[in-house]
Each structure stands twice: as structure tokens, then as C-alpha cells.
Amino acid sequence: MTKVTDSESPAAGDGLFRSLSPHIRAFDEMTGEDGRIRDHWSHLVKAFTKHGAMEIKARSDNADRILREHGVTYNVYGEAGSIDRPWGVDVAPFLLPASEWERIEAALIQRSRLLNRIMEDLYGGGQRLLRNGFLPPELVYSNPGFLRPCRGIPVPRQVYLHLLACDMVRSASGQWSVLSDRAQAPSGAGYALENRSVLSRVLPDEIRESSVRRLPEFFRRQREMLSALAPEGCQDPNVIVLTPGPRNETYFEHAYLARSLGFTLAEGADLTVRNQRVYLKTVEGLQAVDVILRRLDDAFCDPLELRSDSFLGVAGLVEATRAGTVTLANALGSALVESAAFLPFLEPISRLLLDQELLLPCVPTWWCGRARDLRHVLSQLDSMVVKPAFRTHRSGPWFGGRLSKVELSDLKERIEASPRDFIAQEMVGLSVAPAWIGQAFEPRGVVLRGMVASGGDDSFAVLPGGLTRVAPTACASVVSSQEGGGSKDTWIVRESTQSGSDTSHITPALRTSGRTIPGVPSRAADNLFWLGRYAERLEQQLRMIRCVIGRLSDETGTGTSVAMQSLGLLLNRMESVPFDPARPFDPEICQEAVLKLLHDPGVPGGTRDLLALIRTNASAVRDRFSGDTWRILGRLQWTPDMATGRLPLAEAQTAVQSLVLYLAAFSGMEMENMTRGHGWRFLDLGRRVERAIHMLHMLRSAVELDPHDSLRVLEPLLEMADSILTYRRRYFSDLRLGPVLELLLLDPANPRSVAFQLAQLEDHSRELPGVNITRESGVNLPHLVALRESLASFPRAELARAASVDDQASLLQQLAQLSSEAGGFSDWLATRYFSHSLPRVG
Amino acid sequence: MRRIIYQIEHVTRWGYVGHVSVSHMLMRLAPRNDGRQLLLNHNLELEPGPSALSAHSDYFGNTAHFAAIDRSHSEMVIRSSSRVAVGPAFVPDASETPPWETVRSQCRVDRTGQALEANEFSHSSPLAPVDRQFAELSAQSFLPDRPILDAVMHLTARIAAEFKFDPQATQVSTPVSEVLRLRRGVCQDFAHLQIACLRSLGLPARYISGYIETDPPPGQMKLRGADASHAWVSFYCPGIGWIDVDPTNNCFPSMRHITIGWGRDYADVSPVRGVLVGGSGQDLSVSVDVVAMGSVED
């Protein structure tokens, strides 16, 4: 392998565009053999040259920043802990002239047609390919991708492969060929759309001047096609996107596509099969589903008939497809035709089924299950790339040329032990295109993923350009997002500039149909509710930390020490900071404890734990937040610059301050930008419930202290409750327990009081699905009634005048009862709206 | 041909810890029609009553029932009643069957009808994989040029003799390589073992799920594997078709074996598979009664 040129030290004279090392024989996408810039690149090269390195670097950094803000990620399996890896897009797009693209487009459509016909023959038809010797039977019969329960299942409009992705490479001779197919739940279209949205901000003039073909049309067509694929007689189909969930590598894309296409994003646990029909479990009840755009691999879709160890699927889904009540796109079982072992057989099959030659050849591939292929592969192992024959085996690839003698003979042994599980391909050199590496453009290998959608009746839509992925080095011969490497926006450049300027490269999809707004899945409601609770809990904790740090920082006389002692006792009662009541107050111990709560990821319920919980819950409902809201949520994380340095208290104060601000921004977005649907309702319910519970907890802890301590903690208490100004304005008096209780517990005008939360909960309850509220009865939900009655029993006027509390025991009992009712209401919501327990196999 | 009429009562009962709110069941309990066997009547009852019950013919042509129960329950009972007329199996003279190597090569090249169908059963399946150790076990029975039936009978007799019937030794999930090591197991294990042996030589073999009548007629030995469902093996012989052998009892299944269905291994034809929501533990009991009701001539 050649060493990657160190980007830190630009060699003088190399200029902005470094040329390909003469040792590497590869097709240069930008420069012709005569050394001249190819026509379709000339405009961009001129523009870049005019900008100069400084400007390009700034734009490249800008692209990174936008992606980070959008929270675009590609999760990598096997990395413990944080699984979100930022997606990278190169500032230089990959360019293809429209005339060349037309040929690729035709080839992609042909391939979609061909693979679909193969599916039809093997799953629906008479398996002519096996009977007539076009495919060896074991390629199907011992293929883990061949799902027997799916044979004979009706497929609307004979569309097995609604979406097909093909990875293509260009050899040194300039010929494109197909490296592999992705047929069951191909990813890439969403990333391509995101790349375009970034580049249209980073290179707005260039994209307009080059008359780049736009992407949204593809998604509009895809939406129409999915509707057209609904079971017969279905008028206004309910289409959902089925995702394995936030832990999946391409979850970002699932949420992004669901949002762009206007479909509900659902996990397996959100769906249920009743009477051979698939339903979405929403907070409003079951809602029938007609079409499922799935991003879940075949075998995981139904634990009853497919892999029984899958917790991601829906029991009975296969039966529902068998009954023809739901369409799956792609059809179950399509992993079969993405087996690399099919590649050597496609040419004759194309002649048989389509009566056509393949427009785009496959990279020369040998299947070791054939004796002569095996001999060929073993004799040239050191110049081959060996891959698993079936996609379900996640291993390899092995590059013969990079293996030691011992490794080669190990590989040989592995192949010989079960030859049919392996294929080998010729090492293909990738064509190279300029990629921005630090301070200049360097040639890097590229693989182009083309995407073609099919809607039946021979209708196809090809994503104009697809997703280009970039190899990490100039001579790499493989590109995989799983192994790192970046991506590029792909521009199909019109050669004649007859088209006018069209700036709107990204148009968010509109839901045009008149059907009712799709329901909020119970799981999403659950996540939103807990997002609300954790966000509120974090806010309370940050206020508490800020309050303590503030007092520790301006520690002066001894009088304050007594106050700190009382505060310590309060925090100890609240179980937020451990503090030994028997020992005198020690500021250092207190500081340590508070900073630990803020910084230590191992403290359960600590700041970092809460941030992680917020992230987990927000991620699971990512499709429900606008880009702006998501950007704010993205900022809600502990960053290394918050770590304790030389001025721990001051730094902690800054960290708390910025987190409090982002929390405020999030709740602002929530109040101002979220549609007042059930999603928003559950988020706010969570916030209100948490605020009530926390307030009651704080008040109980304060009342439990002995009267002197009680009195001394009133100021910090009001500060933590953000009500100190209101108190001073209202009472003009010294701090007294009675008025404080009145303000924080009973005052309906104080947005922090328990009474205020109750009023909000009652308002929300009126809108909750399935709750019947008559004018006479009012809100009569369990727990809320008790809460209201209990609050009403307080002698408000007397309390407001009281300096202290007479009957501490009975007050504590009342507060305890209020707490238990608030908690009870949270549980009631969970049982009533969030029940979506996971299935198990027996 | 004389046929015996059997009445079969197969009851599966689950008790759950806690309440199950939804369960989906996939059942393969209805005996299929086959050359020597005629299904006269089949009835399937579930308690609590299912909200959906439908039947389809599965990939292998077996009858599969799909049922969903979506009300809370802590116990479930599946009663499958079948009435079947069973005739004698045709077993050719061993010397009339081709050498086993011929069967192997024919199944590799012949892509027509039955041979292609048989090809499917010559590859690894999850519970009956191809492996060198199984080929080695069979080698002693599969001598060069030996007629296939002769070789299979020899292997069947060896499994029956060398492996101990021991319901304690294995579970449904015990891999067949472990059975080989333990030299113990139940009918399902022996069937998987023999299938793995045959496939490891490149011969097609399938798994049969069924019942066996066990009341011993006077003077005959009681057959093993009586308590519940039974399982045995079928192998392919070009020109003749599929021939059943029972490695648990070292016999050719005939008048006393009732076939429910077949597949590559147990997983393809497990009598009941369920996915439950709710509940925690479960307690399963199965009872099977096979009663001869008389015989008919046709």
C-alpha cells in the first residue's frame, strides 16, 4: 500500500489539485489522458481555482459543521458506548455528464427489472432458472437468504424489489461495472439527499451554474409508487417506515426519510397483527397499515415464521402478507438476489428472462461452489478479493494480495471446507476523483451507489446521481461506510445549459393526501413523555447545582456557614447530594459531591446520565423534530471542555449555564414550533408531571427539617424553584414557610407551582385520546381528581399569613399523598397509552 | 389394500406465569395426505378461542394453521383431533435399489421434477448440518457400490443399537453434533443425526414429523418414543421415490406410523410455534393418544 500523503505538509508546486501518482493505474474522473480537464469538470475546477485553498477549506469546514448540526450519523457496529459516528461529505462533488448518466440509468432500470424477474421466478413462479440450469439449485436451496415461508406469497403488481441499490465502479479502461447489489432494504437515498442539502449551502453558485439534476423528484415518485403498491382496493394507503430502531447503523436515514416522505416511522414493537392485518399501535388505538417501507432485514421481520430470536419484527407479518392485506417494500425474501454468488450467472439469465444483454457488466466474479471456479480462484488467490457468497454471513472481504503466506493458506483451507459459501472477485482498481484532504484536492477512489425505485407496470425512477463513497486512500480497492471513508454529493451535469437557474434543490416533501394525520405510535408517545420528564429533571438538577455552586463561590462570613449547613441537610433529604448531618459543613466535601454529580458519567441520575437518557429518548423519536429542534437537542450534551480544570467552580458554572440555556431553547422550540398533536402533548405531560413531583419532593424535604433549618433553606428553595422575584414582589416580607408553601404549592399563577402543573395536566387530559369529558363531570381521570381535591383542602389564605406550620406531621402526610397521586398519574398514563411490551417466543 | 383407521388426540397445554395479552401461534398438526395415508377428518380447537384462525399449505405442502389470541389468558390449550386411514408402506427389495453413489450423482445433475425437489434436502439445514464427522460415521455403512437401501438399513440399525434412548440427555435445542458425542437422545435427535449423516454423503434426506401407535399387540415388543409425537427419516431413491426409515425403532414406518408432515428438519415442521406478549414463565404439557378404530379394505 502506498502511504497517504500527509495533508499537513502541502508539497510546494503541487497546486490545488494534486495529480495521481504515476504508479497507480486508475481512471481519472477529472483529467483526461491528454492531461486536460474533462469538459464536465471544467466549470467546477475553474470555480475552485478561483476560490483558492483558504476559501475551500472554510467551505469544507462549513459542510462539516452543517452535518454536525443536522446530527447526521452512520452508526458503526461493534463500537461500544457512543454509537453515533458523524457522517462526512466531501466539499468536492462527484461529477458525471448527463449523457453518460443516461446510459447508467438505463442499466440500473434493466438490472432492477432483471433481479425482479429472478425473484418472481424463484418465489412466485416455476423456478425455471433451476429447472433449466441457469442457476445451480444449491445457490437457492442452501442460501440463507431464501425464505421458504415466503414462496408463493402474492406480491402486488409483481413488484418484489421496490428499491434496488447497485454499487458501481469504473475500471482503468473507463468501463463501469457492478460490484454488488443491495436488494432487501437498501440504504443511501437519504444520505444522498442530505449531502445535496449540505452542498447546496456550501456551493450554491456552482450547483446552480452547473445545472445539476435535482433529487426531490425521485422522492416524490417514490412516494407515489409506494401508494400504488398498496393492496388492491386500498384507497388512501397508510404507509409507514419500519426501522430496527436507533441502534441501527443507518437509523439517521430512516428518520430522515420518514420525515422527508411524510410517513410514520415505526419499530416492530409499534406494530401488531390482528386478524391477518397489520396495525400501528397509536395512543388513539390501532390504526391499519397498508404499505411498509422496511429498513429491517428479511429474516428479522417476523419471529413467528422467520428468525424466532428476532425482537425487532412483528409476529404474524408473514401471515398478513400471505393474506394480501399489506405490502412490504421490498418483498420479504429479497436478500436472496443480493447474494454475490448470483453475479456470475446474471448474463445468461438476462438473455433468458429479458432477451437482452446486460447493459452494465458485473465485476468478474467466481463462485467457489462450482468446481472450475474453485480451481481458478485457488490458483490465483493472491490477486483476488474473497467475499462471503451470501450476505447473511457478515465476514470478509479478504484481499489475497495483502495476506501473508500463512493467512493465504488459512483462507484456502476455509474456502475448501465449504466452497459454496465463498465468491471471489477480480481486484478492481477504483477510478479516482478529487477529494479535499486538509489543504488540497487529492485523487481518491470512488464507488457510486445507484438507486432505482420501481412502482409496477414497468415504471421506474432513478435517483439522479446516487451516493458516491470515497476510499480512504488513493489506491484502496474497497469502500465501506462500516469501515470508514467519506461520501460525496453526486452531480449529474447537464452538458447544454438550456435550463434556467433553479435554486430550490431541496424541497421538503408535502403530505398531499387528505387522509387523517397518522397516529402517534405508543412507543413514540412513551419516548416523548420520558424526554419531557428527563429534560425537566435535568433542569431542576442544574438549578440545584447552580444554587449550591453560587453559594460555595462567595462563601464569606460564618453566618453563611450555618446557612450552608441547613442547605446541606436539605440536599441530603432530597437525596441529591450525600451529606453527613452529624458532621459540620465542609465546603470542600460539598464542592466535590456537587462536581461529581455534574461531571461523573458513573453517577446514576447525575447530569451526564440524564443527558444520555435525553439523547436516547430523543433519538428514538428523531423523525418528530424539526432540523432546528434537533440541532438544539444535539447541543444538549456534556462536552470535554466542561471538564474540571483549574477553576472548577467557575467552569462548572459556565457548563451549567450553557446547558440551562440549551434546555430553555429546547422548551422554547417545543412551545413555539411543535404541532399541538398528541406527540407534543405527551412531551409536555412528561414535563408537567416531573415538575410537580420534583416540587413536592423539595417541599417535603424542607418541611421535614427542624424549624430553624427549614427557615434557612427557604431562600435557596425559592431560587431553585425560580420564584424568588415573585415572592419578594408578592409578600414584601421576610422569608416565611407559610407564604413559600402557598406560592410553590397552591398559587395557580406561578408556572412553577404544583397547582399550575395540575391545571396543565387537566388541560392536556381533555385532549387525550379515549378520554370522555363532559362539562358537568370535568376531568375525572384517576389521580387527577385526588390531586385537585387534596390541593383544595389547604387553607390557602391562612397559609399565606402563617409564619410557621402548626401541624408538621399532617402537612407532611398531605404532601406525601400529593406525591403519590402525581406518581400514580404517571403510571396510569404508561399503562393506558404506552403498553407495547416485547414479544417472546415459546 | 387394507388400511387401519386411527383416531388421534393431541393435546398441548400451556400454563403461563402472569397473563399473556396476545399470542400468535403457527401449528403443523393436521396429518397430510400421502400415498399410503388418507386424512379422513381433522379438527383443531383452541382455548381461549382465537380471534383469527386460518390454514394454508406451507412450502413443503404441509397444512399449517395460523391462530391469534388477543385477549388476556394465563392458560392455553390446543386440541388437535385427527382421523386417518393408514396403509402399508412400499419397501422395495434392497437389491433393486441403485448404488448410493449413483443416487448422489443423479441428484446433483438431474434438474427435473422429483429429483430437483430431492436436491433441496441434500444440503445443510440449521438442525441437520453437513459435516465431516457425520460422513465419517456413515462411512462404515456406505461401502462402495452398496445398494442405497441396504446401506441406509445398516446405518439405521447402527443408530438404533449404538445410541441410547434417553429423554433426560437432550433438549429440543441440543445440536446434533452433541447427540453424536453423547450417544444418547430421543427420536428427534436420532432423526436429525441420520439426516445429517445422509446429507454429509450428498444424499437427500428429510425429517418426518408424525405419530406412532404404541400399544403393543400380544407377543410383540413395545415400541419406544410413545409419549408424544414421533419423528423419523425419509430418504430419496430415484425411480422409487421417498422411503421412510425409523432410526429410533430400527424399522420401516408402516401401518403404525402416521405422518403429519415433512421438512428439512424439526424447525420446518415443529407442531406448535408461538410468540407471546406478556406473561413470564411457562409450563408445557403434551399428551398424545393414538387409538386404532378398526380397519377397512379398499
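The values are calculated or read from the model by the stated rules, or taken from the named source; none is laboratory data. Please read these numbers as outputs of a predicted model, since none were measured by experiment. Areas reflect the complete protein model, heavy atoms only, side chains present, ligands, DNA and RNA absent. Shrake-Rupley method; radii C 1.70, N 1.55, O 1.52, S 1.80 Å.
Rolling a 1.4 angstrom probe over the protein assembly as shown with all protein chains present gives an accessible area of which 51% lies on carbon and sulfur atoms. Based on C-alpha pairs under 8 angstrom that are at least 6 apart in sequence, chain A has a relative contact order of 15 percent. With viscosity 0.890 mPa s and temperature 25 °C, the Kirkwood radius over alpha carbon pairs of segment A:689-741 converts through Stokes-Einstein to a diffusion coefficient of 216 µm²/s. Panel values: chain B, Kirkwood radius from alpha carbon pairs, Stokes-Einstein at 20 °C and 1.002 mPa s, translational diffusion coefficient 107 µm²/s. Under 5 Å between amide hydrogens, built in the peptide plane, is the criterion, and for residue A:449 it picks out A:168, A:467, A:468, A:469 among residues at least 5 positions away or on other chains. Accessible surface area normalised per residue over segment A:603-668 is 44 Å², counting heavy atoms of protein chains with a 1.4 Å rolling probe. In the context of the full set of protein chains, residues of segment A:702-820 present 49 Å² of accessible surface per residue (probe radius 1.4 Å, heavy atoms only).
Once all protein chains are placed together, residue B:186 keeps about 30 Å² accessible to a 1.4 angstrom probe.
With every protein chain in place and a 1.4 angstrom probe, the accessible-area ranking of B:150, A:709, largest first, reads B:150, A:709. Measuring with a 1.4 angstrom probe and ignoring ligands and nucleic acids, residue A:219 comes out at about 10 Å² accessible. The amide H of residue B:131, built 1.01 Å from its N in the peptide plane, has B:200 as neighbours under 5 Å, considering only residues 5 or more places off or on other chains. When only alpha carbons of segment A:329-391 are considered, Rg and Dmax amount to 13.6, 42 Å. In order along segment B:260-266, the Karplus-derived 3J(HN,Hα) couplings, from 6.51 cos²θ - 1.76 cosθ + 1.60 at θ = phi - 60°, round to 8, x, 9, x, 6, 7, 3 Hz, and Gly and Pro are given as x. Ordered from longest to shortest, the equivalent ellipsoid semi-axes for segment A:282-405 are 38, 20, 12 Å, each the square root of 5 times a Cα gyration tensor eigenvalue. Quick one: work out the % antiparallel among DSSP beta bridges in chain A, nearest 5. Here the share of antiparallel DSSP bridges comes out near 75 percent.
Ordered by solvent-accessible area of protein heavy atoms (1.4 Å probe), largest first, the residues A:727, B:16 come out as B:16, A:727.
When B and A come together, around 2800 square angstrom of accessible surface is lost from both chains combined, probe 1.4 Å. With no solvent and one point on each alpha carbon, what is the Debye value of log10 I(q)/I(0) for segment B:1-141 at q = 0.18 Å⁻¹? Evaluating at q = 0.18 Å⁻¹ gives log10 I(q)/I(0) of -1.13. Under a 5 Å amide H cut-off, with hydrogens placed 1.01 Å from N, residue A:274 pairs with A:279 among residues at least 5 apart or on other chains. For segment A:246-284, accessible area lost to neighbouring protein chains reaches 40 Å² or more, against the chain alone with a 1.4 Å probe, at A:274, A:275. Residues of segment B:52-93 that lose at least 20 Å² of accessible area (1.4 Å probe, protein heavy atoms only) when the other protein chains are present, relative to their chain alone, are B:52, B:54, B:56, B:59, B:66, B:70. Applying a length cut-off of 20 Å (Cα extent along the axis) and a mean Kyte-Doolittle floor of 0.0 to the DSSP H helices of chain B leaves B:148-162. Each residue of segment A:213-362 gets 166 Å³ once the volume of the Cα convex hull is shared out per residue. Per-residue SASA remark: residue A:283, around 10 Å² accessible (1.4 Å probe; ligands, DNA and RNA not included).
Interface residues of segment A:122-150, defined as those losing at least 40 Å² of solvent-accessible heavy-atom surface relative to the isolated chain (probe radius 1.4 Å), are listed as A:131, A:137, A:141, A:148. Distances between every pair of Cα atoms in chain A, grouped in 20 Å steps from 0 to the bin holding the largest one, split as 14, 39, 31, 15, 2 percent. Over segment A:218-305, accessible surface divided per residue gives 29 Å², non-protein components excluded, 1.4 Å probe.
Among the lysines of the protein assembly as shown, pairs that are 8 or more positions apart or on different chains and have alpha carbons within less than 28 Å of each other number 12.
A helix-only calculation puts the protein assembly as shown at -11500 deg cm²/dmol for mean residue ellipticity at 222 nm, using -39500 (n - 2.57) for each DSSP H run of at least four residues, averaged over all residues. By how many degrees, 0 to 90 and rounded to 10, does the Cα axis of helix A:39-70 deviate from the longest principal axis of chain A? Helix A:39-70 sits at roughly 30 degrees to that axis.
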